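Nothing in this text is a laboratory measurement; each read-out follows from the coordinates by a stated rule. Quantities reported herein were computed from a predicted structural model and do not represent experimental measurements. Methodologically, a virtual Cβ is constructed for each residue, glycine included, from the backbone with ideal geometry; neighbour enumeration extends over all protein chains shown.
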Amino acid sequence: MFEVRPLGEMRDVQMYPRAASWIGSLLAGVALALSVSGLYGVLTYALSLRRKEIGIRIALGATVRAIIGLVLRQSMRLAGIGALIGASSPLP
């Protein structure tokens, strides 16, 4: 029932899962950074397309709060659609 193994081998067996968890965490962090930068890019592009509209709204008397609400609603809609598409895709 018991197996005799050298200490070095036992240490290696115990170190690999720890190293794998560090690598997995690092890759998860990179994936998060890439997804946040991609989302920022898409939202910035979508907002730049509406720049003239926002200028006209400000000229007609829209408040800063109304403009921020407009931008946040559009951003949340785009982010929500992306989240729904990502959540509905099957896992490998």
Local electrostatic count at residue 59 - Lys and Arg +1, Asp and Glu -1, tallied over other residues with Cβ under 15 Å:
+3
Sum -39500 (n - 2.57) across every DSSP H segment of at least 4 residues in the chain, then divide by the residue count to get the 222 nm mean residue ellipticity, nearest 500.
-29500 deg cm²/dmol
proj_area_mean for the stretch 1-52 (convex hull on C-alpha atoms), units nm², value 4.8
How big is the Cα convex hull of the stretch 50-92 in projection, averaged over all directions, in nm²?
3.5
D_trans [Stokes-Einstein, Kirkwood Rh over alpha-carbon pairs] for the chain, 25 °C, 0.890 mPa s, µm² s⁻¹:
138
Run the numbers for residue 87 and residue 12: contour at 0.36 nm per residue of separation, minus the present Cα-Cα distance, in nm.
23.3 nm
Using 0.36 nm per residue of separation minus the Cα-Cα distance, give me the extension gain between residue 39 and residue 60 in nm, one decimal.
4.5 nm
Helical segments meeting 27 Å axial Cα length and Kyte-Doolittle -1.0 threshold in the chain (DSSP H):
7-49, 64-88
If you take every residue apart from residue 50 with its C-beta less than 15 Å away from the C-beta of residue 50, what net charge results, scoring Lys and Arg +1 and Asp and Glu -1?
+4
